[in-house]
């Protein structure tokens, strides 16, 4: 049988309200009463009902964790870090899968039904208006891996994707490549748009370098492989900034299947530095995105907003750097 608050109160010889106060953070209860209640709860195997507690405090401690790219292995790390980080703060993540979803209306309605205390949109592809829909619904929200803006509508934690595009372009120029290309993810994704913009900005300063660009249908291995196979059939560039590690690995597979060599025939540089990128059989040169720091800062931000939901929105950016491995020619 389920042990109730009434059972604990009877065993401890106190009122049910005293039991409730004992298990309510910040509530006033004497040390003597607390010890009696905790002893009775241990003997009976009682645990407080979190949902019932939420009805009393007005807080569910639920945080909606919203994302739309479950095909990319990098998000296994992202979800692991987010869920563990939130749970360590006494918060409960409620994961929402937005695959193929671009309208925030359904997500806003769902998270309202669960009375979440806050929302983290974990996506580098969704537009800023998606996260703003939660803010408009009076939900504290942080857009993690979101698009940088000097005056954002919601709190944004991530990287400057335009700067990363410039960094990749500089790296290819420094290696002496004279025919380079950008192989991005979905053309409509904000991260794709910004990485391409930075890439083209930097290449404008190097008119001797021939440039081209194309887009994969998704940030996935299969999409990267398919797009690179098409490019090889048409005559590929010397080196590609693939805009994402999993695209790079798919592209590498297509290069190798065509009987070509990386980096001997085609050079590759990715972005993210997910664990797989460092595997010996992949050894991908890439731009490291500090995922752990971004997630930690996102959690800190949403925790702060629980007590101060009207904080003025700000953008927090983390620097990236090139991780040298074996898919580009040497300097």
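The values are calculated or read from the model by the stated rules, or taken from the named source; none is laboratory data. Predicted, not measured: the structure shown is a model, and the values here were computed from it. Neighbour counts run over all protein chains shown; Cβ positions are idealised from the backbone, glycine included.
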### Query
residue 71: in contact with a strand residue (DSSP E or B) (Cβ under 9 Å, 6 or more places away or on another chain), part of a loop (DSSP other than H, G, I, E, B) and either at pLDDT 90 or above or surrounded by fewer than 22 Cβ atoms within 10 Å (Cβ to Cβ) (or both), yes or no?
no
### Query
Of (1) in a loop (DSSP other than H, G, I, E, B); (2) surrounded by 22 or more Cβ atoms within 10 Å (Cβ to Cβ), residue 148 satisfies all except one. Which?
(2)
### Scan of the range 10-36 for residues that are over 21 Å from residue 61 (Cβ atoms) and touching a residue at least 24 places away in the same chain (Cβ under 8 Å), ordered by number
11, 12, 36
### Query
Of the conditions (1) within 23 Å of the chain's Cα centre (by Cα); (2) surrounded by 23 or more Cβ atoms within 10 Å (Cβ to Cβ); (3) part of a helix (DSSP H, G or I), residue 255 fails just one. Which one is it?
(1)
### Task
Output the number of residues of the range 176-192 satisfying the condition of being surrounded by 18 or more Cβ atoms within 10 Å (Cβ to Cβ) and either at pLDDT 95 or above or part of a helix (DSSP H, G or I) (or both).
9
### Summary
Out of (1) in a helix (DSSP H, G or I); (2) out of contact with any strand residue (DSSP E or B) (no Cβ under 9 Å at 6 or more places or on another chain); (3) at pLDDT below 85, the one residue 54 does not meet is (2)
### Checklist (1) in the same structural domain as residue 245 (by TED's automatic domain parsing); (2) surrounded by fewer than 18 Cβ atoms within 10 Å (Cβ to Cβ); (3) in contact with a strand residue (DSSP E or B) (Cβ under 9 Å, 6 or more places away or on another chain) applied to residue 285, failing item
(2)
